[in-house]
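Asker: Can you read through this structure? Questions will come right after.
The values are calculated or read from the model by the stated rules, or taken from the named source; none is laboratory data. Small disclaimer: the values here were computed from a predicted structure and weren't measured. Heads up, the Cβs are rebuilt from the backbone with ideal geometry, glycines too, and the neighbour counts pull from every protein chain shown.
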Amino acid sequence: MIEASNISKQVVTSEGRLDILEEINLSVAKGESLAIIGPSGSGKSTLLGILAGLDMPTSGSVAIDGKDITSMDEEGRAAVRAGHVGFVFQSFHLLPGLTALENVALPLELQGIDNALQTAREFLQRVGLVERLGHYPRQLSGGEQQRVALARAFACRPSILFADEPTGNLDTGTGKKINDLLFELNQEEGTTLILVTHENSLAARCSRRLELQAGRQVETLAESA
Amino acid sequence: MLAFKMLLRSWRGGQLGLMFSSLLLAVAVVTSVALLAERVERALVNESSAFLAADLVVSSSVPIDPTWLERAREMGVRTAQKASFSSMTFAGDQDMHLASIKAVESSYPLRGAVKRSSVPFATDELDIEAVESGPLPGQLWVDSRLLPLLNIKLGDTIDVGDGSFEVSHILIEEPDSGSSFSAFGARILMNWSDLPASGVIQPGSRVSYRFLIASSEGREDSFNSYADWLREQLDIHDRLITPDEAQASIASTMDKGRRFLLLAGSIGVVLAGIALALASHHFANRQLLQVALFKSWGISASRVRKLYIQQILLLGIAGSVVGLLIGWGFHQLLISVVRDWLPITLPAAGSRPWITGFATGILCLLGFTLPALWHLPTQSPLAVLRRDSQAQSLSSLMRGSLGVLTVAVLLYWYSGNLYMSMAIMLGFAITAGASIGVGLVLLRLGKSYGHWMGSIWRLALSNLWRRKKPSLIQMVGFSGAIALLMIMLVVRTSLVDEWRWQLADNAPNHFLINVAAYELDGVKTLVEQRELETAGWYSMVRGRITHLKNQMPSAVAQQGHESLHRELNLSWTSALPEGNSIVQGAWWDADSVAGNNFSEGLAPVSLEEDLLHELGLALGDTIGFSVGGLTFDAVVTSTRSLNWDSMTPNFYFLFPEGYLEDYPRTHMTSLYIPAVEKLLVNDLLRSYPTVQVIELDKIIDRIRTIVSQVTRGLEMMTLMILGCGILVMFAAVSLSMRERLQESAILRTLGSTRRLILGVQWVEFTTLGLMAGLLAALGAEFAVAMLQRFMFSLPFSWHPWLWIAGPLGGGLLVGVLGVVYSRRAVVQPPLRVLNSL
């Protein structure tokens, strides 16, 4: 499903060249779940961005479903992302002017899917928010906002879901509930899941994990416990 | 349609309010002004047509070419002929008078109406009747004063040339009577068909012919093509008179009023444009996350661009349509205020104001909103993960240039006046340039010296420096708005001041002319008995020009210019009369007229500047005059411009004292006669029938009403533009509000007092407003100087109050707005404030 070979990422700062990622190799099969773990600043989110085609590596290549997205231009990568990829973010990224229902329906509408609102309603029901369809993000708690974000991500039925610290902004109890929901939906939808976290408990629920230390892969595709 | 849905959601989310209202205001201001200006202009043309008794007139010294009449008939254009001449009239064997006669065809007047009465010296409106035709064949309508002059009464018969006519009515006023001083005889209106029988017009008679034309109902196109054809037929004897020339004094007031409306409208558009640009900038910032999400979901840049362009177009159409409606409503309101000043109904406007309004909306969006949103499609999808991966917006220089270009196009297209557009643009450019240049220095100074002051000042001034880019953008917005408002207020005040004399209760409203020397004391006594004051008595002699540059004018030249074939009024004075100013040469003083510079018999003369050019003369040329059969030569020593608006006697030819006194002279003056003393005119004419009274009281009343109503209209317009200014302030204040509220909420969380937080906001905004007001005064002073000089012909003057009111007003207004806006940070719990951002 996803094949990454020799991915390196360097940036030039005022203090000289900085290596963010060095020679990362990984392969994730359809339906697998992979946790990218490591301390802050180890390059987890950068790797996630590159795997999702949001960012470009300085060298190396990434293929999604056999298509080398690193050789494509932004429009080509956007076309690959469309319909294939879903995201869940640490800070939820719900649009403040839209209700919960509209937030979930928006990507469906952009894809031109009929009955976008109906589908969105179903997914909000699945995350237990059917009572809060008309609420705006500011009227929802953090956990509720992330549930809306999960509904939004899964409603498009992506084949790959990228999650960036999905519970990083939530307390432990709420975080656990969100994690349960994430894995439950993931299983039901048969989605490939790649998530970034520094929570060991969350990483442990993934089928595999990859640990980064200062941009280097220190544990290569270790089997999860 | 997704774009429509997104637009509705943004509207509901409150993100479009400011953009929409700015757009609405731009369109409404332009539409209301354009509608009003066009309708008033059309009314003015109609009104002026009535003063001309036609839509267009050809004045000629020879009879009208019959082919013109024939062609007009073929093309369905209405025509009337008129001949003016002086002729002796007789009643019985004893009484006679040299009358000023107009013979008119039955179709006369083509526009307006003739006022007649059956009561001599009628003043009561009930005795006066307005009719749309002249006298029937065999009848005469005469000036009241002809009755005592010829010792006759209505119904009697008098002789004109070889014909006898019944005096059937008193002639009160013809639409094209004008106020020419050249015809001193009592006026008589007769039918054109009586001319041959009377035999008054012989070869060599001095006759002025007029050919009046007007369009038939619904045949304007045909009229226009006839007028074009007619223009090509004119030769040296003929002169075309348009409605514009017919009513110069009212037209000048109206024109200045119209220019002010245009100025106010243009300023409104610029203000609304700034508000729109600021609001769009704000809107674009709030769209960045949404676009990053779209891109992460695989939406292409071109699709994002399309979605936003569709939204802008929808917004533009909605805003323009609502703006048009509001503009229409506002113009109706303005009209209800100024309705009285035109006695006729305002004609409906054409399509142009609507097109102008709608196009303004679309153009504003293209020039102000599109550049602000241009970078959105280039937003990186990575921004969903990393905040530092935001798209770079078009450079401020680029956006500024596009905005300036839009403003320039709008201003010029809208006003059609290059000077005004340039003055506003330059004033604004100076203000904006100073805001950025001087503003940066002021902000830096504030930061450097702020630490000597209290904590509030220190924090506020370093905040301003830290946020220098938004601070400068805000300063441009504030100072631009303040400068434009000041420009408008100053011009309005100067105009109202200039018009004040016309509003003065005792401005002269009657001219008494042709007062013979032996009548002077009697007339003076009559005036003094009523305790009325004159504008001073002027002496004048009547003379003709015999030579120009020592040569007799050719026959062609004589027929070509009125001054060469009729008697002229020559006057003398030692001091330059009020309202006159020397254009070329020098006014005489005691030395120059003492006889040293002029050989005997060669008199110095000062000419009105336009006449000098029309006669093909230059300074130093000689003119030969004949006065009562005696001739003398004069040399042109200066030219003057005259103020035709002043209700005091004006002369084309002025001589120094000591040259004309020996010739037979008459006297003239102007004076204010209040309505209650109006009967003085009748007493005067009964006792001194040869005196001519020119009554301007009705015209002056009309000017006065127009001026006061136009002034009220301008006040309303000023209020509307002030509304635009406040909107800009709001847009500029809200620009940095999100960041400010966030910081304030964090400070509040850390235990800062309400006093500190509001104090910091107050100092920040007041400082910005103060600086903006100071810089605005600079730009406004410059623009006003240009406008006064080139557009309103007003003298230049400094406005010290701008330099005080600008900073004070700016500081106070911006400070209050800022604090009111940021009060939320201290009245709501910090968490709620943070969640709502």
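Asker: I need a count of the residues in the range B:62-87 that are over 34 Å from the mean Cα position of the chain (by Cα) and closer than 30 Å to B:HIS97 by Cβ.
Answerer: The initial filter retains those residues of the range B:62-87 that are over 34 Å from the mean Cα position of the chain (by Cα), namely B:62-76, B:83, B:85-87.
Narrowing further to those that are closer than 30 Å to B:HIS97 by Cβ: B:62-64, B:83, B:85-87.
Selection size over the range B:62-87: 7.
Asker: Have a look at B:LEU293, B:LEU334, B:LEU278, B:LEU271 and point out the one that is part of a helix (DSSP H, G or I), in contact with a strand residue (DSSP E or B) (Cβ under 9 Å, 6 or more places away or on another chain) and touching a residue at least 24 places away in the same chain (Cβ under 8 Å).
Answerer: Step by step, each of B:LEU293, B:LEU334, B:LEU278, B:LEU271 is checked, and only B:LEU293 is part of a helix (DSSP H, G or I), in contact with a strand residue (DSSP E or B) (Cβ under 9 Å, 6 or more places away or on another chain) and touching a residue at least 24 places away in the same chain (Cβ under 8 Å).
Asker: Surrounded by 15 or more Cβ atoms within 10 Å (Cβ to Cβ) and within 14 Å of another protein chain (Cβ to nearest Cβ), is that true of B:THR378? Break it down into steps so the answer makes sense when it comes.
Answerer: Details: surrounded by 15 or more Cβ atoms within 10 Å (Cβ to Cβ): yes; within 14 Å of another protein chain (Cβ to nearest Cβ): yes.
Yes: the conditions hold for B:THR378.
Asker: OK, next. Go through the residues of the range B:460-475 one by one and say whether even a single one is of a type in the set (Phe, Trp, Tyr) and surrounded by fewer than 19 Cβ atoms within 10 Å (Cβ to Cβ). Outline the logic, then answer.
Answerer: Filtering the range B:460-475 for residues of a type in the set (Phe, Trp, Tyr) gives B:465.
From what is left, the residues that are surrounded by fewer than 19 Cβ atoms within 10 Å (Cβ to Cβ) are B:465.
The answer is yes, given that some residue of the range B:460-475 is of a type in the set (Phe, Trp, Tyr) and surrounded by fewer than 19 Cβ atoms within 10 Å (Cβ to Cβ).
Asker: Which members of the range B:532-551 meet the condition of being touching a Ser or Thr at 6+ places or on another chain (Cβ under 7 Å) and within 23 Å of B:LEU615 (Cα to Cα)?
Answerer: Taking the range B:532-551 first, the residues touching a Ser or Thr at 6+ places or on another chain (Cβ under 7 Å) are B:534-540, B:543-546, B:549-550.
B:MET540, B:GLY543, B:ARG544, B:ILE545, B:THR546, B:LYS549, B:ASN550 - these are the residues of the range B:532-551 that are touching a Ser or Thr at 6+ places or on another chain (Cβ under 7 Å) and within 23 Å of B:LEU615 (Cα to Cα).
Asker: Any residue in the range B:165-188 that is assigned to a strand (DSSP E or B), touching a residue at least 24 places away in the same chain (Cβ under 8 Å) and under 24 Å from B:LEU69 (Cβ atoms)?
Answerer: Within the range B:165-188, the subset assigned to a strand (DSSP E or B) is B:165-173, B:187-188.
From what's left, touching a residue at least 24 places away in the same chain (Cβ under 8 Å): B:165-173, B:187-188.
From what is left, the residues that are under 24 Å from B:LEU69 (Cβ atoms) are none.
For the range B:165-188, residues assigned to a strand (DSSP E or B), touching a residue at least 24 places away in the same chain (Cβ under 8 Å) and under 24 Å from B:LEU69 (Cβ atoms): absent.
Asker: Which residues, counting only those in the range A:75-95, are within 7 Å of chain B (Cβ to nearest Cβ) and more than 14 Å from A:ILE2 (Cα to Cα)?
Answerer: Scanning the range A:75-95 gives A:GLU75, A:ALA78, A:ALA79, A:ALA82, A:GLY83, A:PHE87, A:PHE89, A:HIS93, A:LEU95.
Asker: Quick one: which residue in B:SER59, B:SER32 is more than 14 Å from every other protein chain (Cβ to nearest Cβ), surrounded by fewer than 18 Cβ atoms within 10 Å (Cβ to Cβ) and over 30 Å from A:GLU102 (Cβ atoms)?
Answerer: Numbers: B:SER32 fails: surrounded by fewer than 18 Cβ atoms within 10 Å (Cβ to Cβ).
Checking each option against the conditions leaves just B:SER59.
Asker: Considering the range A:165-177 alone, what residues qualify as being surrounded by fewer than 24 Cβ atoms within 10 Å (Cβ to Cβ) and closer than 20 Å to B:VAL384 by Cβ?
Answerer: Start the filter on the range A:165-177 by keeping residues that are surrounded by fewer than 24 Cβ atoms within 10 Å (Cβ to Cβ), which leaves A:165, A:168-177.
Once the filter is applied, which keeps residues that are surrounded by fewer than 24 Cβ atoms within 10 Å (Cβ to Cβ) and closer than 20 Å to B:VAL384 by Cβ, the range A:165-177 yields A:GLU165, A:GLY168, A:ASN169, A:LEU170.
Asker: Something else: How many of the residues making up the range A:1-27 are within 28 Å of A:SER159 (Cα to Cα) and over 14 Å from the mean Cα position of the chain (by Cα)?
Answerer: Filtering the range A:1-27 down to residues within 28 Å of A:SER159 (Cα to Cα) leaves A:1-9, A:20-27.
After this cut, where a residue has to be over 14 Å from the mean Cα position of the chain (by Cα) as well, the list is A:1, A:3-9, A:20-27.
Qualifying residue count, the range A:1-27: 16.
Asker: Now for a different question. Filter the range A:28-48 down to residues that are outside any loop (DSSP other than H, G, I, E, B) and among the aliphatic types (A, V, I, L, M) and give me whichever is farthest from the other protein chains (Cβ to nearest Cβ).
Answerer: Looking at residues that are outside any loop (DSSP other than H, G, I, E, B) and among the aliphatic types (A, V, I, L, M), I get A:VAL28.
Asker: Checking A:HIS135 against (1) more than 27 Å from A:LEU51 (Cα to Cα); (2) in a strand (DSSP E or B), which test does it fail?
Answerer: (2)
Asker: In the range A:49-77, what residues are surrounded by 24 or more Cβ atoms within 10 Å (Cβ to Cβ) and in a helix (DSSP H, G or I)?
Answerer: Hits for the range A:49-77 are A:GLY49, A:ILE50, A:LEU51, A:ARG77.
Asker: Quick check on the range B:138-160: of everything there that is assigned to a loop (DSSP other than H, G, I, E, B) and within 44 Å of the chain's Cα centre (by Cα), which residue is nearest to B:LEU685 (Cα to Cα)? Write out each step before concluding.
Answerer: Within the range B:138-160, the subset assigned to a loop (DSSP other than H, G, I, E, B) is B:138, B:143-145, B:151-156.
Narrowing the set further to residues that are within 44 Å of the chain's Cα centre (by Cα) leaves B:143-145.
Working: B:ASP143: 11, B:SER144: 9, B:ARG145: 6 Å.
The selected residue is B:ARG145.
Asker: Right, another one. Give me the residue from the range A:114-128 that is within 22 Å of the chain's Cα centre (by Cα) and in a loop (DSSP other than H, G, I, E, B) and, out of that set, farthest from the other protein chains (Cβ to nearest Cβ).
Answerer: A:GLY128
Asker: So, one more: Suppose we filter the range A:49-74 for residues that are out of contact with any Phe, Trp or Tyr (no Cβ under 9 Å at 6 or more places or on another chain) and within 11 Å of another protein chain (Cβ to nearest Cβ); how many remain?
Answerer: Count: 6.
Asker: Tally time: how many residues in the range B:112-135 are closer than 30 Å to B:ILE213 by Cβ, touching a residue at least 40 places away in the same chain (Cβ under 8 Å) and surrounded by fewer than 14 Cβ atoms within 10 Å (Cβ to Cβ)? Steps first, answer last, please.
Answerer: Applying the first criterion (closer than 30 Å to B:ILE213 by Cβ) to the range B:112-135 yields B:112-117, B:128-135.
Filter again for touching a residue at least 40 places away in the same chain (Cβ under 8 Å), leaving B:112-117, B:128, B:134-135.
Among the residues that remain, those that are also surrounded by fewer than 14 Cβ atoms within 10 Å (Cβ to Cβ) are: none.
Of the residues in the range B:112-135, 0 are closer than 30 Å to B:ILE213 by Cβ, touching a residue at least 40 places away in the same chain (Cβ under 8 Å) and surrounded by fewer than 14 Cβ atoms within 10 Å (Cβ to Cβ).
Asker: Does B:ARG305 satisfy the criteria of being farther than 21 Å from A:ALA105 by Cβ, surrounded by fewer than 22 Cβ atoms within 10 Å (Cβ to Cβ) and within 14 Å of chain A (Cβ to nearest Cβ)?
Answerer: Values: farther than 21 Å from A:ALA105 by Cβ: yes; surrounded by fewer than 22 Cβ atoms within 10 Å (Cβ to Cβ): yes; within 14 Å of chain A (Cβ to nearest Cβ): yes.
Against the criterion (farther than 21 Å from A:ALA105 by Cβ, surrounded by fewer than 22 Cβ atoms within 10 Å (Cβ to Cβ) and within 14 Å of chain A (Cβ to nearest Cβ)), B:ARG305 qualifies.
Asker: Go through (1) part of a loop (DSSP other than H, G, I, E, B); (2) among the hydrophobic types (A, V, I, L, M, F, W, C); (3) touching a strand residue (DSSP E or B) at 6+ places or on another chain (Cβ under 8 Å) and name the single condition A:ALA203 misses.
Answerer: (1)
Asker: Out of all the residues in the range B:657-670, which are surrounded by fewer than 21 Cβ atoms within 10 Å (Cβ to Cβ) and within 38 Å of the chain's Cα centre (by Cα)?
Answerer: Hit for the range B:657-670 is B:HIS667, nothing else.
Asker: Something else: Among the residues of the range B:97-111, is any in contact with an Asp or Glu (Cβ under 6 Å, 6 or more places away or on another chain) and in contact (Cβ under 8 Å) with a residue 60 or more places away in the chain? I'd like the intermediate steps shown before the answer.
Answerer: So the first thing to find is which residues in the range B:97-111 are in contact with an Asp or Glu (Cβ under 6 Å, 6 or more places away or on another chain), and the list is none.
There is no residue in the range B:97-111 that is in contact with an Asp or Glu (Cβ under 6 Å, 6 or more places away or on another chain) and in contact (Cβ under 8 Å) with a residue 60 or more places away in the chain.
Asker: Can I ask one more? Can you tell me which condition A:GLN111 does not meet? The list is (1) surrounded by fewer than 19 Cβ atoms within 10 Å (Cβ to Cβ); (2) farther than 30 Å from B:PRO830 by Cβ; (3) modelled with pLDDT of 90 or more; (4) within 13 Å of chain B (Cβ to nearest Cβ), and all the others hold.
Answerer: (3) is the only condition that A:GLN111 fails.
Asker: Next question. Taking the conditions exactly as written (at pLDDT 80 or above, under 30 Å from B:LEU35 (Cβ atoms) and within 36 Å of the chain's Cα centre (by Cα)), does B:SER421 satisfy them or not?
Answerer: Details: at pLDDT 80 or above: yes; under 30 Å from B:LEU35 (Cβ atoms): yes; within 36 Å of the chain's Cα centre (by Cα): yes.
Judged against the criteria, B:SER421 is a match.
Asker: Here is a follow-up. Given the structure, is A:LEU101 within 12 Å of chain B (Cβ to nearest Cβ), surrounded by 18 or more Cβ atoms within 10 Å (Cβ to Cβ) and assigned to a helix (DSSP H, G or I)?
Answerer: Numbers: within 12 Å of chain B (Cβ to nearest Cβ): yes; surrounded by 18 or more Cβ atoms within 10 Å (Cβ to Cβ): yes; assigned to a helix (DSSP H, G or I): yes.
Judged against the criteria, A:LEU101 is a match.
Asker: Filter the range A:129-153 for residues that are of a type in the set (D, E, K, R) and within 12 Å of chain B (Cβ to nearest Cβ); which is farthest from A:THR99 (Cα to Cα)?
Answerer: From the range A:129-153, those of a type in the set (D, E, K, R) are A:131-132, A:138, A:144, A:147, A:152; that's our starting set.
Next, only the ones that are within 12 Å of chain B (Cβ to nearest Cβ) stay: A:138, A:152.
Values: A:ARG138: 10, A:ARG152: 12 Å.
That would be A:ARG152.
Asker: Considering the range B:9-23 alone, what residues qualify as being surrounded by fewer than 24 Cβ atoms within 10 Å (Cβ to Cβ) and assigned to a helix (DSSP H, G or I)?
Answerer: Matches in the range B:9-23: B:ARG9, B:SER10, B:TRP11, B:ARG12, B:GLY17, B:LEU18, B:PHE20, B:SER21.
Asker: Just checking, does the range B:576-584 include any residue being within 30 Å of B:THR718 (Cβ to Cβ) and either part of a helix (DSSP H, G or I) or at pLDDT 85 or above (or both)?
Answerer: To start, the set of residues in the range B:576-584 that are within 30 Å of B:THR718 (Cβ to Cβ) comprises B:579.
Adding the requirement that they be either part of a helix (DSSP H, G or I) or at pLDDT 85 or above (or both) leaves none.
No, the range B:576-584 contains no residue that is within 30 Å of B:THR718 (Cβ to Cβ) and either part of a helix (DSSP H, G or I) or at pLDDT 85 or above (or both).
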